[in-house]
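Visitor: Pasting a structure below so you can have a look.
Read-outs throughout are calculated quantities, based only on the coordinates presented, and are distinct from any laboratory measurement. Given the structure is predicted, the values throughout are model-derived calculations rather than measurements. Positions of Cβ are backbone-derived with ideal geometry, glycine not excepted, and every protein chain shown enters the neighbour counts.
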Amino acid sequence: VGDSTLGHVFSVTGQGLDDPMAGQGADRWEIHRSAPSFDSLEPKAQMFETGVKVIDLLTPYLQGGKIGLFGGAGVGKTVLIT
């Protein structure tokens, strides 16, 4: 995603629907590729604020990292991450 794709509509195969030349200069990556190694992930030093003071105080999360959010049904996991 970049300036050449911003504001354009694409098909599933990546062809520009509103402008056939849209996205032509952009790098293309395969959908099925291996995930980056854990060592190569560099989380930002900025805290991800959930808006819930207890979570922000006791378990602060860093933006860009991997987080496990576990809980039972109906406790608000989806509400927390949206």
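Visitor: Residue 33 versus residue 48, label points 7 Å from Cα toward the beta carbon: distance in nm?
Guide: Result: 2.2 nm between the two label points.
Visitor: Quick query: amide H of residue 48 versus all other amide H atoms, modeled in the peptide plane; which residues come in under 5 Å with a sequence gap of 5 or more or a different chain?
Guide: When sequence neighbours closer than 5 places are left aside, the close amide H contacts are 61, 62, 63.
Visitor: Of (i) 13.0, 38; (ii) 18.6, 50; (iii) 12.1, 39, which one was derived for Rg and Dmax of the Cα atoms in Å from the structure shown?
Guide: Given (i) 13.0, 38; (ii) 18.6, 50; (iii) 12.1, 39, the structure-derived one carries the label (ii).
Visitor: Rounding to the nearest 20 debye, state how big the charge dipole of the chain is about its Cα centre with +1 on each Lys and Arg Cβ and -1 on each Asp and Glu Cβ.
Guide: My answer is approximately 400 debye.
Visitor: Ranked from highest to lowest mean number of other Cβ atoms within 10 Å per residue, what is the order of the peptides 74-82, 53-61, 15-23?
Guide: The densest-packed peptide leads the list: 15-23, 53-61, 74-82.
Visitor: Which distance in nm do the two modelled labels at residue 26 and residue 73 give, with both placed 7 Å along the Cα-to-Cβ direction?
Guide: Taking the two extended label points, one gets 3.9 nm.
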